[in-house]
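Heads up, the thing below is written out as structure tokens.
The values are calculated or read from the model by the stated rules, or taken from the named source; none is laboratory data. Small disclaimer: the values here were computed from a predicted structure and weren't measured. Glycine gets a Cβ as well: all are built from the backbone with ideal geometry, and neighbour counts include every protein chain shown.
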Amino acid sequence: MFEGKKIIVGRDKMDTVSGITHKLDAFECFLKEYPEWRNKVVLVQISQPGQIRDAKLEAKISERVTQINSIYGSLEFVPVHFHRTYIENDKYLALLNIADLGLIMSVRSGMNTVSLEYIACQNEKHSPLILSEFTGTAGSMCGAIQTNPWNMYSVASSINKALLMSEVEKEQRHKQMYAYVYSHNSELWASSFINSIRKNFAQYDISNTKELDRLMISSRYRTSSKRLLLLDYDGTLTPITNIPSMALLDEETVHTLASLCKDERNTVWVISGRDIEFLDKHMGHIKGLGMSGEHGGFIRNPHGEWISLVERLDLSWMPKIKSIFEFYTERTKGSFIEEKKAAITWHYRNADPEYGTFQCNQCMDYLEGVIASNMPVEVVVGKKCLEVRPSVVNKGEIVSRILNSNPSDSPYDFVFVAGDDRTDEDMFKAINDFVAEQNQIPSFPNLLPNNTSGTLKPCMSSASLSQSLFQPDAADQNYFTVLVGPPNKKTSAAWSVRSSKELTDFFATLT
């Protein structure tokens, strides 16, 4: 039937993403652009029914097949052989075996098994394969001729190239693809999948921050004599709200903070990104409470006055950043700008979630790549917000300032730090760095006991010793960093609670 003809084979489901119409368009373009192949090449297309029958698509494909056959066919020759029924497996494999070219034009697909079956059947003939770059196997089939199914002229050119390919090149391309198909069989995929499950399961406990051990920490708190509590505001002491001005402390939390501050053994700080007017209005009446605003730009010691740490900084960049935020605010419904004394924040909590995140990423890329790189500022992504602030100002600097201002002869024996977002990671890092500095490991000669026997006993390695010193459940651990949020969130904190309510309820049990 096909004696003396080049056979192009394709097998696809009858659906819009299989690219059957694209394949027919490209084949017609091939016959038009390369007339020397007319009456010499046939396309055998097998199309099995999809999950949902599409009558319009079937009619469109039938019409295109009829058009091509009427223009380029004759009574003796039919260029397109279209089969809309299932074909027996042995006949299908035999067809793949005698084919001169495999043609797969999916516009979107996952693991395309037809391409693998074609390569497996071509171990003797080594016929080439044209593969859509949008198939899931495109990244693995380096020996295939990959093309864009939407560009029918490119596909037509690839068909011509494949049919004229030398035997040497065919064999070289096939070897690459066959090696992949032969080694990546179902057994390997199953084994790889199971191993991935086991690996992820084994790492589950490692990747999740430990839940706050309330009994142990409560016990440490009650037996300590000098305590330091460093707390974020939004998302930590109060839940995040769509309107920032509505995120207020409830009466119970205010009472708890006041009770903690009354204890002479406690030094309590709220370290927030809020401006000082907001902090004064809602927490200024709590006696003995230390506060820091605008992520460390301003500080008020317990029983003290506000001190600006940014008054000598160059803030000439603020109008430029504001104009950029105004650009995105005009184009993102529900977003708004919050101006502070030394920082500017763009909020998109009330915007469409997906579009707001998209706009945030666009704005951040622009700021980091074009503007912020030439300015003394840092771009920080918070919860549904994007903030630009002086690069020398962050919560970690304030934490370090508080810790280092404490007399060395009267150290804190209980330090508790809690926060919920990216800006609070600076606090956690400052605590971890401070602990590492306080627990400097002496050189190993000083650790080795006097040995008179002439032999050295096994000694703990530096890495193991360091790890044992900084484990959150170590016997001498007095520093507690706590993430408020899901335990699988990436963080430097050692402990976690799921919500601000859980945290404030825990504080209430300490008073």
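Selection of segment 294-318 for residues being among the small types (Gly, Ala, Ser) and in contact with a Lys or Arg (Cβ under 6 Å, 6 or more places away or on another chain) yields only GLY296.
Among the candidates SER158, SER140, the residue that is out of contact with any Lys or Arg (no Cβ under 7 Å at 6 or more places or on another chain) and either assigned to a loop (DSSP other than H, G, I, E, B) or acidic (Asp, Glu) (or both) is uniquely SER140.
Tell me, please, whether a residue that is over 23 Å from MET318 (Cβ atoms) and either of a type in the set (Ser, Thr, Tyr) or crowded, with 17+ Cβ neighbours inside 10 Å (or both) can be found in segment 382-401. For segment 382-401, residues over 23 Å from MET318 (Cβ atoms) and either of a type in the set (Ser, Thr, Tyr) or crowded, with 17+ Cβ neighbours inside 10 Å (or both): present. Under the condition of being surrounded by fewer than 24 Cβ atoms within 10 Å (Cβ to Cβ) and of a type in the set (S, T, N, Q), which residue from segment 1-24 is nearest to PRO128 (Cα to Cα)? Looking at residues that are surrounded by fewer than 24 Cβ atoms within 10 Å (Cβ to Cβ) and of a type in the set (S, T, N, Q), I get THR21. The set of residues in segment 30-67 being assigned to a helix (DSSP H, G or I), of a type in the set (A, V, I, L, M) and within 19 Å of PHE2 (Cβ to Cβ) consists of LEU31, VAL65.
The residue pairs whose first member lies in segment 169-182 and is farther than 9 Å from HIS126 by Cβ, whose second member is exposed (fewer than 12 other Cβ atoms within 10 Å of the Cβ), and whose beta carbons are closer than 7 Å, counting only pairs six or more residues apart or on different chains, are GLN176/CYS142. Only residues that are in contact (Cβ under 8 Å) with a residue 60 or more places away in the chain and buried (at least 22 other Cβ atoms within 10 Å of the Cβ) were counted across segment 125-151, and they come to 2.
Listed by position, the strands (runs of 3 or more DSSP E) inside segment 303-381 whose residues that are more than 28 Å from the chain's Cα centre (by Cα) number at least 1 are 306-308, 336-339.
Out of the residues in segment 335-355 meeting the condition of being surrounded by fewer than 20 Cβ atoms within 10 Å (Cβ to Cβ) and touching a Lys or Arg at 6+ places or on another chain (Cβ under 8 Å), tell me which one is farthest from GLY296 (Cα to Cα). Checking each candidate, the answer is ASP352. Screening ASP424 against (1) assigned to a helix (DSSP H, G or I); (2) at pLDDT 90 or above; (3) over 24 Å from TYR221 (Cβ atoms) leaves a single unmet condition, (3).
Only one of the numbered conditions (1) farther than 21 Å from SER219 by Cα; (2) surrounded by 14 or more Cβ atoms within 10 Å (Cβ to Cβ); (3) modelled with pLDDT under 50 is violated by LEU469, and that is (1). Selection within segment 294-330: residues that are touching a strand residue (DSSP E or B) at 6+ places or on another chain (Cβ under 7 Å) and among the basic types (Lys, Arg). The member of this set that is farthest from ASP232 (Cα to Cα) is LYS322.
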